[in-house]
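**Q** Sharing a structure here in C-alpha cells format.
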Amino acid sequence: MMLELNEVLLEGEPQTLSLMAHEGELTCLTGGSSERLTRWLLAMLGFEHVKSGYISLDGEPLTPQSVAIFRSMMAYAPSQLEPIGQVTCYTPPTAQDVFGLKANRNLPVSNSILDEEMRHICPNHADNRVQLLAVASLLDRPILLVDNPLPQSIDYMHQQAAQGRTVVLTSQEAMVTGAANQIVEL
C-alpha cells in the first residue's frame, strides 16, 4: 500500500510537503518542531485541514467521504496521550478500551499478548511509547504511523515493514532517521 502526499499545504505551514511512503519501507519525517511533525501524521489520518494538494492511498484521494476508510487502514502510535481541555482526573485508555471499540472488537488481544508485543519492541518497556506502539501494531493495519518512537524500537519497526506494512514515523533522533529507507525533511 502506498501513502502519498502531493504538494500538501496545511493551515499555518510555511511550505508544501510531498512524499511517497511505500509498503515494506520506513519513511521518516524530520526537522521542525515535534508539534509540526505530529500535525503531518494527523493530516494523513484526515484530522488536519489540507489547504492545497492531496493525500492518497494507492491513488485514491482522501476526502470527507473516504476518511473513515483511510483511518481503517491506519494505526497511529502517538508519542504520548494527553487529555484535551481542563481535566481534574485523567486515566489513559487501557488496551481493553482500545480493543473494545467496535472497529477493533474482533482482534484477539489480551494483556499477555500486549505484554509479549511490548517485550518484542523493547525488553525494558517502561516508556509509554512502547505500549502505544504495541497497541497500534496489534491493530494489524497496513499503514503504521508512529510519532517520535524510541530509538530502541527501530528494529521492531523494520520488522513491521518487512511484514508488508507501510511505516511512517517522525523523529529528530539520528539513530532513527539513519535507519529509515526515506527521510523527508520539513
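Read-outs: derived from the displayed coordinates by stated rules, not from any lab. The structure presented is a predicted model; accordingly, all values stated were derived computationally and were not measured.
**Q** If you average the alpha carbon positions of segment 51-83 and of segment 102-181, how far apart do those two centres end up, in angstrom?
**A** That distance is 18 Å.
**Q** Multiply the residue gap between ALA162 and SER66 by 0.36 nm, knock off their C-alpha separation, and tell me the result in nm, one decimal place.
**A** 31.8 nm
**Q** Kindly write out, for segment 9-17 in residue order, the coupling ³J(HN,Hα) from the Karplus curve 6.51 cos²θ - 1.76 cosθ + 1.60 (θ = phi - 60°), rounded to whole Hz, with x marking Gly and Pro.
**A** 10, 9, 3, x, 8, x, 8, 7, 10
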